[in-house]
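In what follows, a single structure is set out as structure tokens and then discussed.
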Amino acid sequence: MNILLVGSGGREHALAWKIKQSPLLTRLVCAPGNPGMAAIAETRDIKATEVVRQVALAKEIAADLVVIGPEVAVEAGLADALEAENIPCFGPSAAAGRLESSKAFTKAFCDRHHLPTSAYRICDDADTAKAALDHFAPPYVVKADGLAAGKGVVIAQDRAGAEAAIDDAFGGSFGAAGARVVIEEYLEGEIGSLFALCDGKASMLFGWAQDHKRAFDGDEGPNTGGMGTYSPAPVFTYDLVEQVRTRLVEPAFKGIAADGAPYRGALFVELMATRHGPKLVEFNARFGDPECQVLMLRLESDLVPYLIACATGRLNEMPEPKWRDEDAVCVVLATDGYPGPAKAGSVIRGLDRDFGPDVVVFHAGTSAGADGAILAGAGRALNVCATGEDLGQARERAYGAVALIDWPQGFHRTDIGWRALGR
Ligand code: GLY
């Protein structure tokens with residue numbers, strides 16, 4: 001089987017790593033890929049959003065399956081273009097992907113289909129958004145409506161901070177994504193990330209994890225795309241998982257199909273476990289990054305049959321996935337300054353060290369420099385992941401590997417998994 005994997009981040013490297021282990025695989029091509037992916041698969045220099053070129057590449061390699069990694073390719077309509085060519089695709093249409101690409105759409109969707117989420121106001125200009133703050137108490141949640149690579153959410157402790165975030169959004173900090181803003185009620189509780197697959201009709205849960213969204217230890221600092229994950233996460237009790245399935249996952253798949261856009265691919269439910277049950281924080285129309293990394297380390301089943309089943313409407317024929325009875329941890333290494341302005345191009349050394357059999361280092365935002373040097377981008381650069389008999393051992397192994405990487409211009413959190421270890 002020939003597979004085209006679209007994307008270039010840590011999530012895609014983890015998917016490539018897992019797909020490579022499938023006995024069904026003949027050829028794996030990643031576009032655009034990254035230096036880590038280039039070490040295990042062919043790569044082609046085509047951006048995830050270059051829909052016409054991606055479709056041409058899928059035809060050129062006679063792809064039996066295209067796997068869409070990032071949300072930008074979903075929004076660009078890659079799945080729609082592949083469907084027009086009868087090429088099986090894991091990843092939703094742009095219409096179904098509005099569950100991620102427009103927060104305002106999703107809030108209205110939740111109202112229409114009775115999904116529990118926070119109270120909100122949608123605002124098309126700064127004055128309206130500032131006035132909307134009157135309806136909420138601090139901390140204030142200000143979100144850009146569109147895709148902003150995990151940077152479009154500000155949680156402001158006071159009104160001045162919220163007003164500054166509103167001015168930033170309408171001032172163009174997030175480009176077109178900030179032309180509309182959603183002001184939300186702040187949800188108290190514990191955050192969780194749950195994944196589900198759907199083939200347009202049938203669906204199944206596909207693992208869960210906990211992310212650390214703030215940049216610094218102790219959940220301090222600005223919101224990021226995610227600084228580290230672990231799985232399994234004890235917040236996901238049997239009851240919580242069932243509530244998320246029945247109140248969020250199944251109504252979402254049913255609702256989006258009723259709206260005329262059946263969902264095919266992975267749905268990422270970011271939720272808050274509150275005193276009143278799970279409430280939706282956000283849907284994402286793809287696997288989480290860096291949640292996917294720990295899921296792939298724990299997934300015992302072959303991933304490829306699940307991807308094909310979603311793409312071809314045969315998910316009802318698939319058994320529940322099997323997970324290793326191990327814990328997995330992912331520590332994100334990012335360039336100093338992230339998620340604000342950061343300087344790309346610093347050299348990362350030490351990646352050729354022997355990290356041991358339970359450690360995998362995924363590339364998230366790197367490029368190849370002269371003489372085989374690995375250069376960091378301006379954001380999240382590496383995902384140092386490990387498994388262990390328990391969370392403590394997995395964490396020790398991951399941080400042991402982090403200590404072997406020589407990158408003075410990078411930073412990471414030192415407390416990944418603190419909620420679970422503190423229980
Ligand atoms: N880890 C959060 C995200 O993928 O958006």
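The values are calculated or read from the model by the stated rules, or taken from the named source; none is laboratory data. What you see is a predicted model, and the numbers here were worked out from it, not measured in a lab. Don't worry about glycine lacking a Cβ; one is built from the backbone with ideal geometry, like all the others, and counts go over all protein chains shown. With ligands, DNA and RNA removed, areas are computed over all heavy atoms of the protein, side chains included. Shrake-Rupley method; radii C 1.70, N 1.55, O 1.52, S 1.80 Å.
Okay, here's what the table says:
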| item | result |
| --- | --- |
| Max mean-square fluctuation residue, GNM over the chain, Cα-Cα springs under 10 Å, options 413, 247, 324 | 324 |
| Apportionment of accessible area to carbon and sulfur, segment 336-375, percent (1.4 Å) | 51 percent |
| Largest-first ellipsoid semi-axes for the chain, taking √(5λ) over the Cα gyration tensor eigenvalues, angstrom | 30, 26, 22 |
| Given charges at beta-carbon only (K, R positive; D, E negative), |dipole| of segment 23-99 in Debye | 120 debye |
| Gaussian network model of the chain, Cα within-10 Å springs - most flexible of 382, 297, 133 | 133 |
| Accessible area, probe 1.4 Å, largest first, for residues 411, 109, 216 | 216, 411, 109 |
| Accessible surface, 1.4 Å probe, highest first, among residues 354, 415, 167 | 354, 167, 415 |
| Dipole magnitude of segment 70-114, debye to nearest 20 (Cβ charges: Lys/Arg +1, Asp/Glu -1, about Cα centre) | 300 debye |
| Average accessible surface area per residue within segment 74-166, 1.4 Å rolling probe, Å² | 40 Å² |
| Gap separating the Cα centres of segment 154-179 and segment 1-72, nearest whole Å | 35 Å |
| About the Cα centre, charge dipole magnitude for segment 229-368 (Lys/Arg +1, Asp/Glu -1 at Cβ), debye | 400 debye |
| Spin-label model distance (nm) - residue 316 vs residue 127, 7 Å beyond Cα toward Cβ | 5.5 nm |
| Accessible surface, segment 170-239, averaged per residue in Å² (probe 1.4 Å) | 36 Å² |
